[in-house]
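The next block holds one structure in the form of structure tokens; read it before the comments.
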Amino acid sequence: MNALVTAVWLSLSLAAVAFAGATPCRVCEKPITGKFYFVDDKARGGKFEICGDCVKLEAHCFACGLPVKSGFTSLPDGRFLCAACARDAVGSDEEAKKICLEARDDLDRLFSRYLRFPQTNIVLTIVDQFTLESLFKSPGYTRKCTAIFGATQSHSIGGRSQIHSINILSSLNKSQLEAVAAHEFGHAWINETLPTSRKATLSPDALEAFCELIAYTLMDDRRAAYQKQAINENPYTRGQLDAFLMAESHHGFNAVLDWMKSGEAAKLDAADPDGVRATQPTESAAAAAALPSYLLNAPPAVLPEKLILRTISGSATKRLAIINDQTFAVMDRTRVRLAKTNVIVRCLEIRPNSVLIRFEASGAKLELFLPEE
Ligand SMILES: [Zn+2]
Ligand SMILES: [Zn+2]
Ligand SMILES: [Zn+2]
């Protein structure tokens, strides 16, 4: 595995050194009499005290990063699992695959308004560390995923069709497995969907941050607080995940998606959440083409003074509403430009003839009606 893996997951974080308290050592369980060290449990979260002898142990649990002394499991590929992580590990590859595929189905549900993840054209394999390491080194992985526990490669099979080979490390716990699967499905979606020109300009950090955002959203849905925190604190995207989360909270996931497909910049900037709105003109032209003709005929430069519900379209289960020049699905949150100001609006409900919105600043709700015929 690469240096990052060692740095992020396998090392002890010696956050503090002090003299003994009453707590026993997390590793050998003996009362600590001299110096003790704080270490992070990277599988479940939390900081624990370990003694000066245990801190010198060379073998570490690959999942939580803590040193192992006794009662641990040795995997055939040289990894160790402490007793707690061995209990939590998904031992069977079949079970692990099932969890990953269920995660994919839940992602489809969570992101149903925006995208679908590859479903039939994937080969999902649970691999040991040797295999994963060799994948990281293999030349076919042009845009190899440097995620800690997974790797995805997409092969063209003629025309625009692709097969995605998704490899995930064995013996992870359920939460880790779901987060890694979500990240890798993010790569598969990117490989399948983004134009080659955009893949070429997008920074690798932004690409990884998009996949982390997918994993983060799933962990949020699962209420997996520690996995969310671990994704947040992982320095792996060099700050890009913060910028993605910021852009999403200001402009909604649809804006992030548009930026991924046709953004002007290689990266997002956490200090400028509005930067996500800067997309190539071709995309705006396509969006304009999708608008009803009466909107295209309207004078483009004059912004309305107030919010106007232009039209409602789509089926009863998946309605879309256009308010001023923005398209909303239910729960979309978007900034709408008015003549003299901007308002951030969340669309709460789309009814047959009206929409219920909430102003994010004040929390006030308002029902907008379609114009009279
Ligand atoms: Zn100890
Ligand atoms: Zn462990
Ligand atoms: Zn990745």
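Which value, in debye to the nearest 20, describes the size of the charge dipole of the chain about its Cα centre when Lys and Arg Cβ atoms bear +1, Asp and Glu Cβ atoms bear -1, and nothing else is charged?
Working: 42 positive and 42 negative charges, 38 e Å.
Approximately 180 debye in magnitude.
Highest mobility in the GNM of the chain, judged by mean-square fluctuation with C-alpha springs under 10 Å and restricted to Arg358, Arg346, Arg160, is found for Arg160. Over all other residues within a Cβ to Cβ distance under 14 Å of Thr341, the charged ones net out to +2, with Lys and Arg as +1 and Asp and Glu as -1.
Considering only Gln119, Gln176, Gln227, the Gaussian network model of the chain with Cα springs below 10 Å gives its largest mean-square fluctuation to Gln119.
What does the charge add up to near Arg319, with Lys and Arg as +1, Asp and Glu as -1, over the other residues with Cβ less than 14 Å from its Cβ? Here the count lands on +2.
Among Lys42/Lys137; Lys97/Lys137; Lys340/Lys365; Lys56/Lys97; Lys98/Lys228, which pairs are too far apart, with a Cα-Cα distance over 29 Å? Don't skip to the end; give the middle numbers.
Numbers: Lys42/Lys137 25 Å; Lys97/Lys137 24 Å; Lys340/Lys365 21 Å; Lys56/Lys97 36 Å; Lys98/Lys228 22 Å.
Cα-Cα > 29 Å for Lys56/Lys97; rest within.
With q set to 0.12, 0.23, 0.24, 0.30 Å⁻¹, the log10 of I(q)/I(0) for segment 315-373, from the Debye formula over equal scatterers at the Cα positions, is -0.26, -0.94, -1.02, -1.40.
Among bridges DSSP assigns within segment 93-277, what percent are antiparallel (round to 5)?
Numbers: 7 of 13 bridges.
Beta bridges within segment 93-277, antiparallel portion: roughly 55 percent.
Could you give the alpha-carbon Rg of segment 79-219 over 2.2 N^0.38 Å, rounded to two decimals? Working shown, then result.
Numbers: Rg = 14.8 Å, N = 141, 2.2 N^0.38 = 14.4 Å.
Ratio of Rg to 2.2 N^0.38 Å for segment 79-219: 1.02.
Only DSSP H runs of four or more residues enter the estimate; each adds -39500 (n - 2.57), and after division by the residues of the chain the mean residue ellipticity at 222 nm equals -10000 deg cm²/dmol. Computed from Cα atoms, the angle from the helix 240-251 axis to the main principal axis of the chain rounds to 30 degrees.
Would you mind working out the magnitude of the charge dipole of segment 93-277 relative to its Cα centre, with +1 at each Lys and Arg C-beta and -1 at each Asp and Glu C-beta, to the nearest 20 Debye? It would help to have the intermediate numbers written out before the result.
Working: 20 positive and 25 negative charges, 92 e Å.
Computed charge dipole of segment 93-277: roughly 440 debye.
The numbers here are math on the coordinates, done by the rules we state, and not lab data. Please read all numbers here as calculations on a predicted model, not as lab measurements. Cβ coordinates were reconstructed from backbone atoms using ideal geometry, including for glycine residues, and neighbour counts include every protein chain displayed.
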